[in-house]
Amino acid sequence: MAQTSARKQGVGSVIWEYLTTVDHKKIAILYLIAGGFFFVLGGIEAMLIRIQLAVPNNDFLSAGLFNEMITMHGTTMIFLAAMPLLFAFMNATVPLQIGARDLAFPFLNSLGVWLFIFGGIFLNLSWFMGGAPDAGWTSYASLSIASPGHGIDFYALGLQISGAGTLITGINFATTIITMRAPGMTYMRMPLMTWTTLVASVLIVFAFPPLTIGIFLLIFDRMFGSNFFIVEAGGNTIIWEHLFWIFGHPEVYILILPAFGIFSEIFATFARKRLFGYSAMVFATVLIGFFGFMVWAHHMFTVGLGPTANAIFAVATMAIAVPTGIKIFNWIATIWGGSIEFTTPMLYALAFIPSFTMGGVTGIMQAAAPADYQYHDSYFIVAHFHYVIVGGVVFALLAGLHYYWPIMFNTMLNETLGKITFWFFFIGFHMTFLIQHFLGLWGMPRRVFTYLDGQGYNAANMISTIGAFLMAIAVIVLVVNIIITLVKNERVGMDPWGDGRTLEWSIPLPVPYYNFAQIPLVRGLDAYWVEKKEGNGKMMPSESLGDFHMPNNSILPVVMSLGLFIAAFGAMYFPDGKEWAIDAVSGLDTKPWALPVLMIGLAITFVSMGIRSWKDDLGYYVTKEEVERDLEELERGGK
Amino acid sequence: MAELNQEPMTKAQLEYLRRQRTREMRQQLVSFGLMIFLTFIAFGLAGMEIIPAQFTIPIVLGFAFIQVILQFYYFMHMKDNGHQFAKLFMLTGFYFALAFCVTFVYIVWIGAPVN
């Protein structure tokens, strides 16, 4: 069963290998490809938004299409681009960092990625099947119940499917990090990337169930005749807002914590210094994760919760600035006096500190509830969350792409092109969003498809649009860089940056499919650095060479996800033309085939779950002889 | 399809395991008996009305709490080693759930009909 990755394979067998793989390294590549695709898609949507807003009274996009565009831009970027791209880096690095041969549940890892891919495809099919969702990425219930056609159904069902995948992956990472660390890898020796992944996974475990419940209630309201959010029938739309933000606020920490993790690794590596205040960093990470659940109502200050509730949530929100500030100071102290190397990842990391801090400071401004009444629903908010998400998460994704590229693809991205990308992106980003703070303070509301001439918004909007084009150029340069690198395919050896500190850099490239011939013994924080400085530069094994167990590939995750994908179409068309249906769809033609499609889809999923449950799949053993052969080959290649 | 490699247990290991399981079984039975007993008392207090209701309610709630602890620790193995993370997760989960319930009752007006 075991394949060696060195063997030449046909295109068909490569595709089959990726459809069935349970290997975390290949799943990382799947996440990277799918997340990268959706990132470009969301970027194109952003460009169309900025073109529409470039000049006053523009009619490049119609008002309805503009609403669909902003909704899909937000939804795509958060759920289908940022989170999967972070999962790509988590998959690529975390098992290697803790000295594990795979995740705790490799099958579920594969299920997670395929649920995300099918959910994402379903959501984006809305463009071709009668219109995309148009109630904003928050999809507040009164608006989303009233939205005619099937747009919101695509949102609800697509996010439900991909959300299930995310929840599964979160459980998987938490279990892996808790139970599968190598000997010597205590909690306080885990690299920051692993720590932030652990906390983000725990946040996923607690934050996604409220979203699942909220979306199920929305699905029932829109497709099966219930009245949870329908006010005329006794429902309450505020419940959606609470459920959404109980999920939504932890979600931003799910995004930013792994970004912090990536940057912490980069700072330590390219300043050639141990991360300053490691234990304070860990403490701050956990504290941010905990506080993240206690602040959701700060998105709802203007709903009318009353002064007491607003005051409580305002104070709790401001408290988050403390651990975040601890982190910022620790990063600065890490580079302070370090022997800094200005590689592309390090440039992103250095740019991240001021950019993210600016976003954080405007966040504190909004935490003051009375002031928030002024900022609410203005471009100030748009500027704020783009500063934290682009200045924090997207910078981390781009930095991580350059930094971890050798581990994922055994080559190095071109540094010159990488720096060109950085400068275009950095200047474009600040040009686009800095001015939007002022637009907001001057009174421009968010989510409007155009504005009148003579209100003083013209120049600022034009500047913002030009900035967006600079970011687009940056992404194009990055794509060119990736293509050139893949075509050239110049292989690099172990520890290509030369200053790797953590376990993932101690592995030969390409990484063997079983990761570690022998599970290493960890002797301190920055395990590989410890061996470089105090040992012979090689990890000490913690076990003798022997057979070890690996999981089999399986096509079932794809089949399970496909079943849900089919079922979603059945659920979506089920209420069409029915008497009890909401106004949005009751006028459409009835679709008698909807119920059978729903049942067939669910049957496919449940049958494949049954097969997984009752048919034993015990995996296989990698033999000692094979590992020895690989080690010998490595020895020869090295000389 | 490979079989899982499993070492056969030694006699001492088997003996140890058997002793462990006997003790486990005894603990389970004792806690089970205790829980049945508490349930009987609760039913008895509520049914026979020998003491006023304002005393019965806290007593029954107290018994319920003891039963929850017994359930978690003895039936669901929370007393065993290596469950620290599970405990932490459950306590955090309780805390968040409680916070959400309090909010929903006090600021989403679900509580309004209750008053």
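Do we have any residue at all in the stretch A:214-226 that's open to solvent by 10 Å² or more (accessible area, probe 1.4 Å) and within 13 Å of another protein chain (Cβ to nearest Cβ)? Checked against the condition, which is being open to solvent by 10 Å² or more (accessible area, probe 1.4 Å) and within 13 Å of another protein chain (Cβ to nearest Cβ), the stretch A:214-226 yields no hits at all.
Residues are listed down the side, and each one gets a yes or a no for (1) surrounded by 12 or more Cβ atoms within 10 Å (Cβ to Cβ); (2) in a helix (DSSP H, G or I); (3) within 14 Å of chain B (Cβ to nearest Cβ):
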{"site": "A:596", "(1), (2), (3)": "no, yes, no"}
{"site": "A:604", "(1), (2), (3)": "yes, yes, no"}
{"site": "A:609", "(1), (2), (3)": "yes, yes, no"}
{"site": "A:613", "(1), (2), (3)": "no, yes, no"}
{"site": "A:616", "(1), (2), (3)": "no, no, yes"}
{"site": "A:625", "(1), (2), (3)": "no, yes, no"}
{"site": "A:629", "(1), (2), (3)": "yes, yes, no"}
{"site": "A:637", "(1), (2), (3)": "no, yes, no"}
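Across the stretch B:10-67, the number of residues qualifying as under 25 Å from residue B:80 (Cα atoms), more than 18 Å from the chain's Cα centre (by Cα) and assigned to a helix (DSSP H, G or I) comes to 13. Looking at (1) surrounded by fewer than 16 Cβ atoms within 10 Å (Cβ to Cβ); (2) over 23 Å from residue A:513 (Cβ atoms); (3) not hydrophobic (A, V, I, L, M, F, W, C), which is the only condition residue A:75 fails? Here residue A:75 meets the rest and fails (1).
Please work out if residue A:333 is more than 14 Å from chain B (Cβ to nearest Cβ), touching a Gly at 6+ places or on another chain (Cβ under 8 Å) and open to solvent by 30 Å² or more (accessible area, probe 1.4 Å). Step through it out loud before you land on a result.
On the way: more than 14 Å from chain B (Cβ to nearest Cβ): yes; touching a Gly at 6+ places or on another chain (Cβ under 8 Å): yes; open to solvent by 30 Å² or more (accessible area, probe 1.4 Å): no.
Criteria not met by residue A:333.
Can you name the residue in the stretch A:269-298 that is open to solvent by 20 Å² or more (accessible area, probe 1.4 Å) and more than 14 Å from chain B (Cβ to nearest Cβ) and, of all such residues, is farthest from residue A:329 (Cα to Cα)? Within the stretch A:269-298, the match that is farthest from residue A:329 (Cα to Cα) is A:272.
Would you mind stating whether residue B:76 is without any contact (Cβ under 8 Å) to a residue 12 or more places away in the chain, away from chain A (no Cβ under 14 Å), open to solvent by 100 Å² or more (accessible area, probe 1.4 Å) and under 26 Å from residue A:210 (Cβ atoms)? When the stated conditions are applied, residue B:76 passes them. Among the candidates A:313, A:342, A:301, the residue that is open to solvent by less than 10 Å² (accessible area, probe 1.4 Å) and more than 22 Å from the chain's Cα centre (by Cα) is uniquely A:301. Entry remark, the stretch A:85-111: residues being part of a helix (DSSP H, G or I) and within 14 Å of residue A:197 (Cβ to Cβ) number 15 in total.
Only one of A:159, A:123, A:143 is out of contact with any Lys or Arg (no Cβ under 6 Å at 6 or more places or on another chain), part of a helix (DSSP H, G or I) and more than 16 Å from residue A:83 (Cβ to Cβ); which?
Details: A:159 fails: more than 16 Å from residue A:83 (Cβ to Cβ); A:123 fails: more than 16 Å from residue A:83 (Cβ to Cβ).
Residue meeting the stated conditions: A:143.
Could you grab me the full set of residues in the stretch A:171-195 that are touching a residue at least 60 places away in the same chain (Cβ under 8 Å), within 26 Å of residue A:118 (Cα to Cα) and either more than 14 Å from chain B (Cβ to nearest Cβ) or surrounded by fewer than 24 Cβ atoms within 10 Å (Cβ to Cβ) (or both)? Within the stretch A:171-195, A:171, A:172, A:175 meet the criteria. Please indicate, with yes or no, whether at least one residue in the stretch A:196-203 is more than 14 Å from the chain's Cα centre (by Cα) and open to solvent by less than 10 Å² (accessible area, probe 1.4 Å). The answer is yes, given that some residue of the stretch A:196-203 is more than 14 Å from the chain's Cα centre (by Cα) and open to solvent by less than 10 Å² (accessible area, probe 1.4 Å). Given the conditions (1) over 26 Å from the mean Cα position of the chain (by Cα); (2) at pLDDT 90 or above; (3) not in a helix (DSSP H, G or I), and given that residue A:490 satisfies all but one, which numbered condition is not satisfied? Failing condition for residue A:490: (2).
Looking only at residues in the stretch A:524-555 that are within 26 Å of residue A:281 (Cβ to Cβ), open to solvent by 30 Å² or more (accessible area, probe 1.4 Å) and under 32 Å from the mean Cα position of the chain (by Cα), the one that is farthest from the other protein chains (Cβ to nearest Cβ) is A:529.
Residue by residue through the stretch A:113-146, note down the ones that are small (Gly, Ala, Ser) and crowded, with 24+ Cβ neighbours inside 10 Å. Listed by number, the residues that qualify are A:119, A:120, A:126, A:132, A:139, A:141, A:144. Per the listing A:395, A:352, A:433, A:429, the residue uniquely modelled with pLDDT of 95 or more, surrounded by fewer than 24 Cβ atoms within 10 Å (Cβ to Cβ) and assigned to a helix (DSSP H, G or I) is A:429. Within the stretch B:85-115, the set of residues being at pLDDT below 80, open to solvent by 100 Å² or more (accessible area, probe 1.4 Å) and within 12 Å of chain A (Cβ to nearest Cβ) comprises B:106, B:109, B:113.
So which residues in the stretch A:227-255 are aromatic (Phe, Trp, Tyr), open to solvent by less than 10 Å² (accessible area, probe 1.4 Å) and within 22 Å of residue A:83 (Cα to Cα)?
So the first thing to find is which residues in the stretch A:227-255 are aromatic (Phe, Trp, Tyr), and the list is A:228-229, A:240, A:244-245, A:247, A:253.
Next, from what is left, pick out any that are open to solvent by less than 10 Å² (accessible area, probe 1.4 Å): A:229, A:240, A:244, A:247.
Result: A:244, A:247.
What single numbered condition from (1) under 26 Å from residue A:169 (Cα atoms); (2) within 14 Å of another protein chain (Cβ to nearest Cβ); (3) not acidic (Asp, Glu) fails to hold for residue A:571? That leaves (2) as the condition not met.
Of all the residues in the stretch A:467-493, those that are without any contact (Cβ under 8 Å) to a residue 40 or more places away in the chain and either crowded, with 17+ Cβ neighbours inside 10 Å or in contact with a Lys or Arg (Cβ under 9 Å, 6 or more places away or on another chain) (or both) number 0. Considering A:334, A:317, A:357, the condition of being in contact (Cβ under 8 Å) with a residue 12 or more places away in the chain, touching a Phe, Trp or Tyr at 6+ places or on another chain (Cβ under 8 Å), part of a helix (DSSP H, G or I) and more than 30 Å from residue A:29 (Cα to Cα) is satisfied by A:334 alone.
Please tell me if residue B:57 is more than 30 Å from residue A:246 (Cα to Cα), open to solvent by 60 Å² or more (accessible area, probe 1.4 Å), at pLDDT 85 or above and among the aliphatic types (A, V, I, L, M). So residue B:57 passes the test.
The values are calculated or read from the model by the stated rules, or taken from the named source; none is laboratory data. None of the values given here were measured: they were computed from a predicted structure. Heads up, the Cβs are rebuilt from the backbone with ideal geometry, glycines too, and the neighbour counts pull from every protein chain shown. Each accessible area value is taken on the protein alone, full model and side chains, heavy atoms only, with ligands, DNA and RNA left out. Shrake-Rupley method; radii C 1.70, N 1.55, O 1.52, S 1.80 Å.
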